[in-house]
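Shown next, in structure tokens, is the structure this report addresses.
The values are calculated or read from the model by the stated rules, or taken from the named source; none is laboratory data. Just so it is clear, the model here is predicted, and its values are computed rather than measured. Ideal geometry is used to build each Cβ from the backbone, glycine not excepted, and the neighbour counts take in all protein chains shown.
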Amino acid sequence: MNSKNYIIEEWVKNILVHPLTKNKIKIRDIVNKKNIPDATIFLKNTKGWIQWSIGQTKFEKWLRGGEYKSKQELKYKIEKESTKKIYKKLSFNGIVVDVGGSVGTLREFLHSDVKFVSIDPHNDPMSSISKEKQKIYKCLKKPLNFIRACAEFLPFKTMSVDTVHMRSMLDHVQIPDLAILEAHRVLKKNGQLIIGIYLPFGNSSKPLLSVVIKEFIRDILVFLGIERFKDHHTWHPTYSGLIKLLQDNGFAISNEIWQEGWNNKVLYLSAKKLNFNISNI
């Protein structure tokens, strides 16, 4: 790849497969017009496609417009320091696949010997970086190992990576079960899955009345034509729903960290891959 923003290192090429057939392929087989590897497979006739595609378009537009409308540098600094506290409590080694990783800010918190690749349906995430964000996240000045792809169809060999990381994306995917099953497939024996997610009901297993009322008001505003209040999340998990999703698809929870300042609504957790046969699914 010749793009100054992206690279594909040899170790990525060595684990690259077709996202559907899982047969070995070469980078040149999937490079698009922007010279970016594109392994996306979209489920356009499956329930949830329209909601997902509209949400993805809105998200990319939001990135281009800037994640913060004012005091960007200060807010990125606060964001980074808050996130840094979380990642000090988590461990990464070997090969890390950041699913929904966009520009790969996770690199800011990783040791230099960790092998990192970002997977995201955005066709050119590095084009959306503001100078303020690049100033705070030094890693953004380096080329990014990147493949355009979807969480439900990962373009990597079975049992080829050590950690799958999913932050602020699992509530945006079209089919959460398939995304987690794909994470299970690509992870090595005893590999780990790390998830960071906003839970609207916090650590409660039941919907909170205050949240239900808030969402009801949101629906009314959207019905009246105020589109900025529209919720583009595809899934609104409860804590128990998230745990069940992982357990049903071959993972055991090993660590939970609730992020400070979010009223027990932002959870980071790590889960170990378990061996299971088809009867367990």
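Working carefully through the options 211, 266, 222, find the one that is of a type in the set (A, V, I, L, M) and at pLDDT 90 or above.
266
Just give me the residues in the stretch 149-199 being among the basic types (Lys, Arg), outside any strand (DSSP E or B) and touching a strand residue (DSSP E or B) at 6+ places or on another chain (Cβ under 7 Å), in sequence order.
Selection gives 157 alone.
Six or more apart or on different chains, Cβ atoms under 8 Å: show the pairs whose first residue is in the stretch 250-273 and in contact (Cβ under 8 Å) with a residue 24 or more places away in the chain and closer than 17 Å to residue 88 by Cα and whose second is hydrophobic (A, V, I, L, M, F, W, C) and surrounded by fewer than 14 Cβ atoms within 10 Å (Cβ to Cβ).
Between residues of the stretch 250-273 that are in contact (Cβ under 8 Å) with a residue 24 or more places away in the chain and closer than 17 Å to residue 88 by Cα and residues that are hydrophobic (A, V, I, L, M, F, W, C) and surrounded by fewer than 14 Cβ atoms within 10 Å (Cβ to Cβ), the close pairs are 271/252.
Here's the yes/no breakdown for (1) in a helix (DSSP H, G or I); (2) without any contact (Cβ under 8 Å) to a residue 24 or more places away in the chain; (3) on the phi > 0 side of the Ramachandran plot:
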{"residue": "13", "(1), (2), (3)": "yes, yes, no"}
{"residue": "21", "(1), (2), (3)": "no, yes, no"}
{"residue": "51", "(1), (2), (3)": "yes, no, no"}
{"residue": "57", "(1), (2), (3)": "yes, yes, no"}
{"residue": "61", "(1), (2), (3)": "yes, yes, no"}
{"residue": "77", "(1), (2), (3)": "yes, no, no"}
{"residue": "85", "(1), (2), (3)": "yes, no, no"}
{"residue": "89", "(1), (2), (3)": "no, no, no"}
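Among the residues that make up the stretch 69-83, is at least one of them under 16 Å from the mean Cα position of the chain (by Cα) and either surrounded by fewer than 19 Cβ atoms within 10 Å (Cβ to Cβ) or closer than 19 Å to residue 129 by Cβ (or both)?
Scanning the stretch 69-83, I find at least one residue that is under 16 Å from the mean Cα position of the chain (by Cα) and either surrounded by fewer than 19 Cβ atoms within 10 Å (Cβ to Cβ) or closer than 19 Å to residue 129 by Cβ (or both), so the answer is yes.
When the stretch 98-121 is examined, which residues are found to be in a loop (DSSP other than H, G, I, E, B) and touching a residue at least 60 places away in the same chain (Cβ under 8 Å)?
Within the stretch 98-121, 100, 101, 121 qualify.
Residue by residue through the stretch 23-49, note down the ones that are outside any loop (DSSP other than H, G, I, E, B) and of a type in the set (D, E, K, R).
24, 28, 29, 38, listed by residue number.
How many residues does the stretch 148-163 hold that are closer than 26 Å to residue 34 by Cα and touching a residue at least 60 places away in the same chain (Cβ under 8 Å)?
9
How about the stretch 6-54: which of its residues are modelled with pLDDT of 95 or more, among the charged types (D, E, K, R), under 21 Å from the mean Cα position of the chain (by Cα) and exposed (fewer than 11 other Cβ atoms within 10 Å of the Cβ)?
The answer is 44, and nothing else.
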